[in-house]
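Peer 1: One structure, pasted below without further comment.
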Number of protein chains: 2
Amino acid sequence: MIVNADLLPRGGYLDVVVLIDTLRAGTVAPILFERQLQELALTPSLKLARALDGRLLLGEREGVPPEGFNYGISPAALRGLDLDGQRAVLVSENAPTMLSRVQGARHVLLASLYNAAAATTLALQLAEARIDLVCCGFGGAEDLDDTLTAGVLASEIARRAPDTEFVGGAGLAVSLLRAFPEPLEALWQSRAGHYLRRLELEQDIGICALVAHSEVVPAQVGAELANGTPVYRFAAQRAAPV
Amino acid sequence: MIVNADLLPRGGYLDVVVLIDTLRAGTVAPILFERQLQELALTPSLKLARALDGRLLLGEREGVPPEGFNYGISPAALRGLDLDGQRAVLVSENAPTMLSRVQGARHVLLASLYNAAAATTLALQLAEARIDLVCCGFGGAEDLDDTLTAGVLASEIARRAPDTEFVGGAGLAVSLLRAFPEPLEALWQSRAGHYLRRLELEQDIGICALVAHSEVVPAQVGAELANGTPVYRFAAQRAAPV
């Protein structure tokens, strides 16, 4: 298995992409599906989200849900919800932008530390020859939280698939594990982490630092343009029993 | 001072760019100027290099100087030359490609571990408000050698300029120093390092791991297109005495 890590999306992906957004969309999504959500749409547009019928609206501006939204995107706050059979739309600037750069891959999975083991298992089951671990980063630059998560995933893939060949930034990402034996510290020091600390959302960093707490892997099931704005739809997928 | 690190060039640089190519162009260039070279041109084209009159030709294909070339680009082999007053052209695929992405900056400096301290001093003297540490990477992906060097430069800038603000990948690069207290190990494990080891050029990795051995900073003094191919010209610059 060829395992590549891109510390920011570069495009041209064909097989399995694991899109990593540890703080926070990649952690929030499996948490929502754990709460029995049926489908999650991601879009960058508040306006578009408000126009979608029959969906819970999740989003934040400076840490607060915008007008008319049901919830923010704090995993700490979302963990206790009962979302049985509901559909939701999550408004985020970064994740949909990065999703636009991985379209064309056969499979697009959403991952974080929170579902790291499940994402590894499913990626290995789906991939024909190559897994691209693609980090969302923060503000258009590489960030510690996603790079460390790519390292966790890459080393776990190598442990399970002995014929793994690291290419691209995979070796660099794995090296970062030596600097941060405790993932929480990398998330705390990341630029995304600084942003959350400024908003006094430290508890979110703590939840996003939990490794392999969920068996759910959000997998892209569709993408549409609505008034020129992309909407990416995800459903829960679980790895086949090994 | 704002200090950014891009683990690959992204463009849009305006103030001071320190382009990092530790294995090997960023190490070879200061070594050549230490040997009293007057001017160094970088270009990706063997054919163009052969057409330039009166210049020493430096380059490699699979570790060997191409036909008609005077020298390879092994720093181990170049350290003993007397190049007093001569001009040279260095053919490299990666460095000129990355140079094309940093044009537009007021100053473009070439750096590695070998001239890390001098590059830091000069960058601080030249910058109005921002220093962009831009890594060349390897094969279009981020690599350990250049990212670690960016970390060395960023932490040295922060030590000397207490008002330094890290943005972009600067924090990530500095974190990598914790994983590699000995730079040689990062260079050894990098993909560029693996490439050199395959060519049995291990001694080059050893020289490129030397930190702050040169006071020379190659600074871009011009760029031209010759038959559509870019040629970037560098001259030696030294920091003003502090």
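Peer 1: Kindly state, to the nearest 0.05, the FRET efficiency for B:A226 paired with A:A223, given R0 = 60 Å and r defined as their beta-carbon distance.
Peer 2: After rounding, the FRET efficiency stands at 0.85.
Peer 1: Copy-to-copy spacing for A:A223, label 7 Å out on the Cα-to-C-beta vector, in nm, shortest first?
Peer 2: 3.1
Peer 1: Now a separate question. Of A:I131, B:I31, B:P44, which is farthest on the positive side of the dipole of the protein assembly as shown, counting Cα position, with +1 on Lys and Arg Cβ, -1 on Asp and Glu Cβ, and the Cα centre as origin?
Peer 2: Sorting the options by dipole projection puts first B:P44.
Peer 1: Specify the angular offset, from 0 to 90 degrees and rounded to the nearest 10, of the alpha carbon long axis of helix A:144-160 from the longest principal axis of the alpha carbons in chain A.
Peer 2: Approximately 50 degrees, to the nearest ten.
Peer 1: Hey, what number do you get for chain B at 222 nm if only DSSP H runs of n ≥ 4 count, each worth -39500 (n - 2.57), divided across all residues, to the nearest 500?
Peer 2: -10000 deg cm²/dmol
Peer 1: Lys and Arg at +1, Asp and Glu at -1: add these up for the other residues within a Cβ distance under 11 Å of A:G68 and post the number.
Peer 2: +1
Peer 1: Which distances in nm, rounded to one decimal and ordered from shortest, link the label point of B:K47 to the equivalent label points in the other identical copies, with labels set 7 Å from Cα toward Cβ?
Peer 2: Relative to the other copies, B:K47 has label-point distances of 5.1 nm.
Peer 1: In degrees between 0 and 90, to the nearest 10, how far off the longest principal axis of chain A does helix A:116-126 point, with axes built from Cα atoms?
Peer 2: 70
Peer 1: Out of segment A:1-81, which GluC sites (Glu not before Pro) are coil in DSSP terms and have no more than 10 other C-beta atoms within 10 Å?
Peer 2: A:E62, A:E67
Peer 1: Could you state the number of Å between the C-alpha centres of segment B:178-242 and segment A:12-87?
Peer 2: Segment A:12-87 and segment B:178-242 have Cα centres spaced 45 Å from each other.
Peer 1: While we're here: Cβ neighbours within 10 Å, averaged per peptide: list A:166-175, A:189-198, A:111-120, A:143-152 in order, most packed at the top.
Peer 2: Order by mean packing, descending: A:143-152, A:111-120, A:166-175, A:189-198.
Peer 1: Take the eigenvalues of the Cα gyration tensor for the protein assembly as shown, scale each by 5, and report the square roots as semi-axes in whole Å, largest first.
Peer 2: Largest first, the protein assembly as shown gives 44, 23, 20 Å.
Peer 1: At B:N70, with labels set 7 Å past Cα in the Cβ direction, how many nm apart are the copies from this one, shortest first?
Peer 2: Relative to the other copies, B:N70 has label-point distances of 7.3 nm.
Peer 1: A further question follows. What is chain A's relative contact order, in percent, from Cα pairs under 8 angstrom and six or more apart in sequence?
Peer 2: That works out to 33 percent.
Peer 1: Moving to a separate point now. Please say if segment B:115-242 is rounded, prolate or oblate, where rounded means a/c under 1.5 for a ≥ b ≥ c the square roots of the C-alpha gyration tensor eigenvalues, and otherwise the choice is prolate for a/b larger than b/c and oblate otherwise?
Peer 2: Oblate, because a/c is 1.5 or more while a/b does not exceed b/c.
Peer 1: Could you list the trypsin sites (Lys or Arg not before Pro) in segment A:68-122 that lie in coil according to DSSP, counting only those with at most 14 other Cβ atoms within 10 Å of their Cβ? Present the calculation step by step, with values, prior to reporting the outcome.
Peer 2: Details: sites: A:R79, A:R87, A:R101, A:R106; in loops: A:R79, A:R101, A:R106.
Those that pass, being in a loop and sparsely packed, are A:R79, A:R106.
Peer 1: Rounded to the nearest 0.05, what FRET efficiency is calculated for A:E128 and A:Q38 with R0 set to 25 Å and r the Cβ-Cβ distance? Display every interim value, and only then the final one.
Peer 2: Values: r = 29 Å, r/R0 = 1.15.
The formula returns an efficiency of 0.30 here.
Peer 1: So, in nm, how far is label A:R61 from label B:R61 when the simple model puts each one 7 Å beyond its Cα toward the Cβ?
Peer 2: It is 5.9 nm.
Peer 1: Let me ask something else. Quick one: which residues, 5+ away or cross-chain, put their amide H under 5 Å from the amide H of B:A212? H built at 1.01 Å from N.
Peer 2: B:Y114, B:N115, B:A116, B:A117
Peer 1: Determine the principal axes of the Cα atoms in segment B:1-83, then give the extent along each, sorted from largest to smallest and rounded to whole angstroms.
Peer 2: 44, 27, 25
Peer 1: Which chain B residue puts its Cβ closest to the axis that rotates B onto A, and at what distance in whole Å?
Peer 2: Axis-proximal residue of B, distance in whole Å: B:A179, 2.
Peer 1: Considering only DSSP beta bridges with both partners in the protein assembly as shown, what is the antiparallel share in %, to the nearest 5?
Peer 2: That works out to approximately 35 percent antiparallel.
Peer 1: Using alpha carbons only, what's the Rg to Rh ratio of segment A:1-147 with Rh from Kirkwood? Walk me through the numbers on the way to the answer.
Peer 2: Numbers: Rg = 15.1 Å, Rh = 15.6 Å.
With Rh from the inverse mean 1/r over Cα pairs, Rg/Rh is 0.96.
Peer 1: Now for a different question. Other chains' Cβ within 10 Å of A:2-10 residues: what's the mean?
Peer 2: 3
Values quoted throughout were computed directly from the atomic coordinates according to the rules given, and no laboratory measurement underlies them. Bear in mind the structure is a predicted one, so any value in this text is a computation, not a measurement. FYI the Cβ positions are ideal-geometry reconstructions off the backbone, even for glycines, and counts take in every protein chain you see.
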